[in-house]
């Protein structure tokens, strides 16, 4: 998810005095509201969604005060607009019963409140992510209004303005629909979870571990980028945020050791975007997908495991080949930190992640798992601040044992008891030397989590306009019928058309609205053509991610451009090369659902499709980079490419042809390497 530079960390905002303190307090209050409503559910879901959007509007207009149209910013007007959006959110709380009773028959005041809220959501989205998504949503709004005046292929009966506003601003299929529900529950909690771990030093732990394990190998700096970004993706699930955090370290390191700037940026962008498909947290889309198709989040995680590993194996293999082609080496062994020393130093940071994985795989809901994971993170961070001040190893071990026993007993009595335990630790930190710094870190994590939630939440709210229009007009059925008609002749053509829609929509809009639009339009058609439910949605999800790497508008590539010092276009071209398997793995999953563990496959079925994918990845990497132990000739590259293509195709004897071609390619290369060099 792209974030404009104006959304700077709150620590930078202190130069602005009173406004900065107000924004910081609002952000902390926002996070506290989300935690309390997730833990205790004191309000109805519709009210929580409305206040969630109100907080998003208040923070967005408070942070991004300029109009962005060449006009001078007016802080007073920006705060007035933000406070208006926040105040109107309480309309849903105060008149909740009345709104339910008069559903379908809005009053004039309902229409006024709904219209203002819609306009503010559009403007907030424009400030956060530019014109692309608001213009697309405005086109859908106009489509619903102007139905009778459209060409026959698009015409419908049309809907009055009042009905459209009531449907979009007060129902559960507009700006307060499923995406906003997921944003106000799962997504916000997991963003806070990642924010707490980042503030506690998880980035340094992952970076030190990656440096210690692969930093000294051939092309080590680039492999560090792949591993560190993949690990970061397990806790934050945000591609662009991953680029601007881990990329600050990995891109300069890659450049220092000889990688071309555009290739260094491409590696970081590709690895960071893969975080959205990396279990257990994945990206926000995974939670929206689970709610949209009505399956357990665990099923989404299971479907993503093998493709995610293949994605990162591809990136790792590509940087290894590029390092061999360019003759690049790793860091000196003495310069690399001890990975296990880093783990021993910050071992407690891994416990919340382990607990989260266990809870998800044990069948608990993401909401419960996220709440427990967040609470456990707070307990461990506060406990570590106290333990570090204790003298003697025995005393520290005793403290950790006591804290573990206390946590286990408190968790038995429910989330309220856990909050009591956290309160006691906060009180202890207040009086322990150095403990107040940890408390400041925790409060900063609350504020930082709210800031990171802005682009995600605003996108989820605005894209509800598209969902509302599609459900009201039935336009999704028309588009799906067109794809189905095409798919009856060729499933491959339907898949290519769906891929192109995802990539084109990705030119300027983030992964979340991209997935929601294409899953509403194309995924039902793929399901009708026989593609399994999760596979059809994962297909559009993957290409929504790859759209952020694909020129001309590659959000992740342009996020890496200032760090790499080259144009985002050049980085995007390299990112597509590095992520080449990401373009073929979804097709493989459609023709062989065992790749996503669908259809109750046997172990041998899964092993066979994974083996084919790995061989294809190896051949495609060699063909793309032009290196496999030594520089490859063009005929060799063509043979490698064709063999990989046969392995992807799901036609009779194509596997045999692909494996035979792979064997010929390997034998040819071994013969070349053993042949004596010319004098």
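What the table shows:
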quantity	calculated
Subset of the range 405-423 [loosely packed, with under 15 Cβ neighbours inside 10 Å and under 14 Å from residue 38 (Cβ atoms)]	414, 416
Answer residue from the range 212-241, given it is under 20 Å from residue 562 (Cβ atoms) and out of contact with any helix residue (DSSP H, G or I) (no Cβ under 6 Å at 6 or more places or on another chain) and is modelled with the lowest pLDDT among those	238
Pairs with Cβ under 8 Å, 6+ apart, first in the range 50-64 and assigned by TED's automatic domain parsing to the domain that holds residue 89 and touching a residue at least 40 places away in the same chain (Cβ under 8 Å), second surrounded by fewer than 24 Cβ atoms within 10 Å (Cβ to Cβ) and part of a loop (DSSP other than H, G, I, E, B)	50/90; 51/43; 51/90; 63/6; 63/7; 64/4; 64/6; 64/7
Residue 639 vs. criteria surrounded by fewer than 23 Cβ atoms within 10 Å (Cβ to Cβ) and modelled with pLDDT of 90 or more	yes
Qualifying residue in the range 124-146 (condition: over 30 Å from residue 555 (Cβ atoms) and either assigned to a helix (DSSP H, G or I) or without any contact (Cβ under 8 Å) to a residue 60 or more places away in the chain (or both))	yes
Single unsatisfied condition, residue 309 versus (1) touching a strand residue (DSSP E or B) at 6+ places or on another chain (Cβ under 7 Å); (2) without any contact (Cβ under 8 Å) to a residue 60 or more places away in the chain	(1)
Qualifying helices (runs of 4 or more DSSP H) (wholly inside the range 591-679; at least 2 residues being under 35 Å from the mean Cα position of the chain (by Cα) and within 17 Å of residue 318 (Cβ to Cβ))	603-625, 634-648
Residues being within 25 Å of residue 187 (Cα to Cα) and part of a helix (DSSP H, G or I) - total across the range 408-452	25
Residues within the range 235-293 that are within 28 Å of residue 523 (Cα to Cα) and outside any helix (DSSP H, G or I), tallied	8
Options 174, 212; residue that is surrounded by 24 or more Cβ atoms within 10 Å (Cβ to Cβ) and farther than 23 Å from residue 279 by Cβ	174
Some residue of the range 461-470 being modelled with pLDDT under 85 and surrounded by fewer than 16 Cβ atoms within 10 Å (Cβ to Cβ)	no
Test: residue in the range 90-110 that is closer than 16 Å to residue 454 by Cβ and in contact with a helix residue (DSSP H, G or I) (Cβ under 6 Å, 6 or more places away or on another chain)	no
Unique match (being over 30 Å from residue 569 (Cβ atoms), in a helix (DSSP H, G or I) and touching a helix residue (DSSP H, G or I) at 6+ places or on another chain (Cβ under 7 Å)) among 321, 298, 310	298
The listed residue being under 9 Å from the mean Cα position of the chain (by Cα) and touching a residue at least 60 places away in the same chain (Cβ under 8 Å), out of 285, 267, 295	285
Extreme residue, modelled with the lowest pLDDT, among residues of the range 242-267 that are under 25 Å from residue 301 (Cβ atoms) and crowded, with 24+ Cβ neighbours inside 10 Å	242
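The values are calculated or read from the model by the stated rules, or taken from the named source; none is laboratory data. These numbers come from a predicted model, not from an experiment. We place every Cβ from the backbone using ideal geometry, glycine too, and count neighbours over all the protein chains shown.
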